[in-house]
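The values are calculated or read from the model by the stated rules, or taken from the named source; none is laboratory data. Everything quoted here is computed from the prediction, not taken from an experiment. Note: ideal-geometry Cβ built from the backbone for every residue, glycine included; neighbour counts use all protein chains shown.
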């Protein structure tokens, strides 16, 4: 047989495939670009689900079942709006948030702000190591072993690794949050009820026969407080500093910025997805069994064992351990960076200890003090956590206002300032956040009995 | 000695002892003097602010200034772009320490008083980037000046002389008005300059690159990390970018162009001289992680019968890049690669020796399609400085030098 016609056919096919091939090439190029910029947003949003976050979510599920799920959608939105502004500032100005505050508002403002950041973050580091301790106790490991080992791991990881490598590890760690999906599945929840509860109440009431699945929760002060605590634990002051610096360190410019926005969006959504599964998991087990009182996130993991099986309990604890170590690696580092850069001390992992002494000392001290306090017998952990949360609450409004002021400065941002509509949304979100955190603050200072057995927010 | 923080906020009195206002800002007028505080802005609440010239100041102490003129003699304030503001443009901002080769943040500024007949001039002497300046900024107005001075004496000073300071001004128009030149920066080693640039923001980087001559700009850009290289070039106009890329080694240029968007890459290539553009285009054909992607098309090759002296003369009269000159490649009559002579051997050989006798054994080369791993292994095995790349017929088409290998290996760490 003559090979000519076959070759012709092949050639024709080749021509037909060509546009698809080029489209594929185009797409693979785009995906490479997106992956190159990916990281800061996803990492920051996921670190939000730290030990404190997981505790608050478990508590919400244990006490109110599925009833707080609706708040996740507006929270995800608020998270996206605030993080988006910071990442945009990073991409446009090429400077960290503390640098910008220093350059625009002067030394003294920066000093007091950063002093508060240091204290608040120390409290948060403490909470992360408490998370490590309680997660490992589920596996029967004493905190006198787990906390020092965890602290050493964290210290080595950052001091010995380069930023790119550390970031890859962090991104990989984000996938461990899938553990919560599995433990939620093992808890055999009613998925239909869970999904319906994601809808805001006015929409929900229009769903036919909704009473069959959803029992409305009375708007008690405890319930409202829980919602406020959820918000407080999701949007933290430190994350804005970290995100902006990470965007700068990634060398994202205004051109690649839209990919970073995608990154932030994916991060915000995945953060809420994790929160959803945690709440669902404890709602289907602890709430049904009437075990509303849990002291910390490790407690929730332990309480799961008889209700959903040892495997679900272990997965829950692994998720907690992962989240705590993850946040414990990022928080001290980000704090040391932010403070040194804002106050003009040498900073950076590419410097030697002798070149950037304050940076390394701060970083080490945060880990040693944070981890060490946990090991003190009889340390008033809950009190410290409440105090750190109070400070978080004081700090957040200030930082949000700084962000909004900076992002609207034309000499800094040029054409990239907020549009008017965006400003309305951003200010509304921030004011809502501020009101909620201040309310929470008021309650935790003046009406402490209200939060007993409810949330130690952020813990 | 005085500090800027002690003068900013000071109360100013005129010659009759009447209170005029508080010092809100100090200006340097670079067109007159690069280090003199030439104007003081005196704020007067709701009244229009006044300006005191340097020769109207009779006495300066922390918190107090006395003028030798009457309030009526002071001019009203009009903003001037060509004045450098100490508080707004210097304090808390980043500047480049050209002596220490790094970016620092200004905490305070040390001023020296210089008495002339009837007036006191303040001269900028040093920039404070250490703890004493930080403490002063923090406590100013809260504790008495003498207390602050006593505290800061105990702290380790970190100062940089004003002459070594290079200001960063992203706006090119204002940079000209303020007479900021980057001659001090251009004298730094490109690798140091690249380190400094990585610490700055995008607009600041752009402004520094724009002020360098093409050769220095090319060397500095080559030292930056890949993403920054692309970012900087994307923002330039293609003509200027082409001028700079032309100065780069062809392999570095090809790597850079491969990272640009296809449109920019095309525009830049169009602006380059035909021959250089052709060279770079050829290099762009190869996959980045192949020998072809690593190689440089600029290399020295001579006929194997040539003598040492002939070769040295040839090299001298041609404008070769020093980095490309560690090895001379030999070709036979068919123009195929027949050997490689390290420059060190050439140096030690007697004048009339033909290069054929200086060849390093064995003859090692790769084809452009070879993977980078193979290249690394050859460099390691034969302790090479350069490796020839040949086409299928054995004609040399380029060379890979050890610095290319080190760069690649380091990026894998």
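Does residue A:141 fit the bill of being under 20 Å from residue A:295 (Cβ atoms) and not in a helix (DSSP H, G or I)? Judged against the criteria, residue A:141 is a match. Among the candidates B:63, B:100, the residue that is within 14 Å of chain A (Cβ to nearest Cβ), surrounded by fewer than 17 Cβ atoms within 10 Å (Cβ to Cβ) and touching a residue at least 40 places away in the same chain (Cβ under 8 Å) is uniquely B:100. If I filter region A:243-257 down to residues being under 10 Å from residue A:87 (Cα atoms) and not in a loop (DSSP other than H, G, I, E, B), which single residue comes out as farthest from the other protein chains (Cβ to nearest Cβ)? Here the answer is A:243.
Within region B:14-27, the set of residues being within 15 Å of residue B:73 (Cβ to Cβ) and buried (at least 18 other Cβ atoms within 10 Å of the Cβ) comprises B:14, B:20, B:21.
Quick check on my filter: what residues within region A:406-429 are in contact (Cβ under 8 Å) with a residue 12 or more places away in the chain, part of a helix (DSSP H, G or I) and surrounded by 14 or more Cβ atoms within 10 Å (Cβ to Cβ)? A:406, A:407, A:412, A:413, A:416, A:423, A:425, A:426, A:427, A:429 - these are the residues of region A:406-429 that are in contact (Cβ under 8 Å) with a residue 12 or more places away in the chain, part of a helix (DSSP H, G or I) and surrounded by 14 or more Cβ atoms within 10 Å (Cβ to Cβ).
Do you know which residues across region B:169-200 are buried (at least 20 other Cβ atoms within 10 Å of the Cβ) and over 11 Å from the mean Cα position of the chain (by Cα)? If the condition is that a residue be buried (at least 20 other Cβ atoms within 10 Å of the Cβ) and over 11 Å from the mean Cα position of the chain (by Cα), then B:178 is the only one that fits. Among the numbered conditions (1) within 14 Å of chain A (Cβ to nearest Cβ); (2) buried (at least 16 other Cβ atoms within 10 Å of the Cβ), the only one that residue B:410 does not meet is (2). Counting residues in region B:218-233 that are in contact (Cβ under 8 Å) with a residue 40 or more places away in the chain and surrounded by 17 or more Cβ atoms within 10 Å (Cβ to Cβ) gives zero.
Restricting B:49, B:30 to residues that are part of a loop (DSSP other than H, G, I, E, B) and surrounded by fewer than 20 Cβ atoms within 10 Å (Cβ to Cβ) narrows the list to B:30. Just so you know, in region B:367-407 the residues that are under 30 Å from the mean Cα position of the chain (by Cα) and farther than 23 Å from residue B:339 by Cβ include one that is surrounded by the most Cβ atoms within 10 Å (Cβ to Cβ), and it is B:407. Of the residues B:123, B:150, B:115, B:136, the single one that is away from chain A (no Cβ under 14 Å), outside any strand (DSSP E or B) and on the phi < 0 side of the Ramachandran plot is B:150. Among the criteria (1) surrounded by fewer than 17 Cβ atoms within 10 Å (Cβ to Cβ); (2) away from chain A (no Cβ under 12 Å); (3) assigned to a loop (DSSP other than H, G, I, E, B), the one residue B:163 does not fulfil is (3). Only one of the numbered conditions (1) under 26 Å from residue B:134 (Cα atoms); (2) modelled with pLDDT under 90 is violated by residue B:22, and that is (2). Go through the residues of region A:327-334 one by one and say whether even a single one is over 17 Å from the mean Cα position of the chain (by Cα), at pLDDT 85 or above, buried (at least 24 other Cβ atoms within 10 Å of the Cβ) and closer than 30 Å to residue B:106 by Cβ. The answer is no, given that none of the residues of region A:327-334 is over 17 Å from the mean Cα position of the chain (by Cα), at pLDDT 85 or above, buried (at least 24 other Cβ atoms within 10 Å of the Cβ) and closer than 30 Å to residue B:106 by Cβ.
Looking across region B:180-193, the residues that are part of a loop (DSSP other than H, G, I, E, B) and at pLDDT 80 or above come down to B:187, B:188, B:189. Please go through region A:56-94 and give me each residue that is modelled with pLDDT under 90, within 14 Å of chain B (Cβ to nearest Cβ) and surrounded by fewer than 24 Cβ atoms within 10 Å (Cβ to Cβ), ordered by number. Of everything in region A:56-94, those that are modelled with pLDDT under 90, within 14 Å of chain B (Cβ to nearest Cβ) and surrounded by fewer than 24 Cβ atoms within 10 Å (Cβ to Cβ) turn out to be A:92, A:94.
Within region B:194-218, the residues that satisfy the criterion of being assigned to a loop (DSSP other than H, G, I, E, B) and touching a helix residue (DSSP H, G or I) at 6+ places or on another chain (Cβ under 8 Å) are B:200, B:201, B:212, B:213.
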